[in-house]
1. In the list 127, 134, 100, which residue meets the criterion of being in a loop (DSSP other than H, G, I, E, B), within 16 Å of ligand 1 (Cβ to nearest atom) and touching a residue at least 12 places away in the same chain (Cβ under 8 Å)?
2. Can you find a residue in segment 205-213 that is part of a loop (DSSP other than H, G, I, E, B) and either within 16 Å of ligand 2 (Cβ to nearest atom) or over 30 Å from residue 166 (Cβ atoms) (or both)?
3. For segment 35-54, enumerate the residues that are crowded, with 21+ Cβ neighbours inside 10 Å and away from ligand 1 (no atom under 11 Å from the Cβ).
4. So which residues in segment 103-121 are in a loop (DSSP other than H, G, I, E, B) and farther than 24 Å from residue 65 by Cβ?
5. Only one of 226, 188 is exposed (fewer than 11 other Cβ atoms within 10 Å of the Cβ) and over 28 Å from residue 16 (Cα atoms); which?
6. Return the residues of segment 75-90 that are assigned to a loop (DSSP other than H, G, I, E, B) and either buried (at least 20 other Cβ atoms within 10 Å of the Cβ) or touching a strand residue (DSSP E or B) at 6+ places or on another chain (Cβ under 8 Å) (or both); say none if nothing qualifies.
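Readers should treat all values here as calculations from the given coordinates under stated rules, not as data from a laboratory. Predicted, not measured: the structure shown is a model, and the values here were computed from it. Ideal geometry is used to build each Cβ from the backbone, glycine not excepted, and the neighbour counts take in all protein chains shown.
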Ligand SMILES: NC(=O)C1=CN([C@@H]2O[C@H](COP(=O)(O)OP(=O)(O)OC[C@H]3O[C@@H](n4cnc5c(N)ncnc54)[C@H](O)[C@@H]3O)[C@@H](O)[C@H]2O)C=CC1
Ligand SMILES: O=C(O)[C@@H]1CCC=N1
């Protein structure tokens with residue numbers, strides 16, 4: 001029987017957990033996944049108990065049997081983390097990085113060997129199989145590595161291949177994107193409270209409004225502006241509400257938010273590079 005792929009996660013935080021949650025619900029057996037982190041044994045015990053995956057505090061042991069290594073630590077910890085495991089990484093392994101901003105060249109250089117690196121930008125909706133993930137190949141990664149990474153991320157959502165330089169934009173848009181939606185929901189909940197709706201009633205109405213609007217966007221051919229127009233009766237409530245959003249430059253705020261997040265992705269990559277030099 002063909003040996004099953006073994007995947008080692010270097011990092012056991014929010015993003016790793018979202019991927020583990022999604023992956024163990026689909027193609028992957030928990031035994032195929034080994035998780036390690038800096039030194040938080042309590043966190044590893046939680047991950048093990050929740051997803052029944054293997055956990056390992058010794059990174060060399062975790063790396064030894066891995067076919068795929070997923071780098072899932074914070075960019076600021078990456079130089080130290082990657083340098084400290086470089087000796088245990090072999091050229092037969094595929095490295096997948098979900099680190100915001102950090103280029104595949106930086107990762108290859110930290111490892112110091114011609115390893116195949118695929119850089120990915122998923123989001124935390126991976127936990128329920130709904131991530132929007134973009135992937136890109138490093139200089140030593142070929143089509144087969146890309147296909148392997150694509151298949152892995154397809155278990156937790158949709159996947160699109162992009163040029164590596166576009167990953168900063170993707171990070172600002174869909175990597176951070178769920179947080180923008182949650183922020184909107186937070187505001188809607190506060191508003192509902194202030195206008196006198198019960199919390200539980202408001203929660204259901206807000207949730208279904210977001211789900212309904214998302215499904216409309218997906219299932220109709222209409223542009224968002226047209227769908228908005230259909231809600232907006234002349235002289236009605238929506239027009240009055242949108243008027244306030246325009247007053248507060250809502251669209252400009254969202255555009256600036258996404259641009260700033262994309263720019264921050266570039267900064268994170270540059271910061272690591274200057275640390276490494
Ligand atoms: N949270 C999110 O929505 C997304 C995060 N990412 C990327 O995923 C990465 C992780 O982000 P989060 O999970 O949010 O961070 P987090 O802070 O929740 O988790 C970071 C993990 O890395 C571990 N770590 C630190 N140093 C280490 C080392 N030397 N060796 C092994 N593990 C080490 C920590 O112990 C922790 O388990 C970041 O690079 C981020 O840019 C990418 C897409 C979305
Ligand atoms: O906030 C961050 O830096 C990470 C990358 C995309 C989402 N979370």
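1. Result: 100 is the single residue among 127, 134, 100 that is in a loop (DSSP other than H, G, I, E, B), within 16 Å of ligand 1 (Cβ to nearest atom) and touching a residue at least 12 places away in the same chain (Cβ under 8 Å).
2. no
3. First pass over segment 35-54, keeping only residues crowded, with 21+ Cβ neighbours inside 10 Å: 35-37, 47, 53.
Result: 53, single match.
4. Of everything in segment 103-121, just one residue is in a loop (DSSP other than H, G, I, E, B) and farther than 24 Å from residue 65 by Cβ, namely 103.
5. 226
6. Going through segment 75-90, the residues assigned to a loop (DSSP other than H, G, I, E, B) turn out to be 89-90.
Selection gives 89 alone.
For (1) within 25 Å of residue 76 (Cα to Cα); (2) away from ligand 1 (no atom under 16 Å from the Cβ), each residue gets a yes or a no:
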{"site": "208", "(1), (2)": "no, yes"}
{"site": "221", "(1), (2)": "no, yes"}
{"site": "243", "(1), (2)": "no, yes"}
{"site": "247", "(1), (2)": "no, yes"}
{"site": "256", "(1), (2)": "yes, yes"}
{"site": "271", "(1), (2)": "yes, no"}
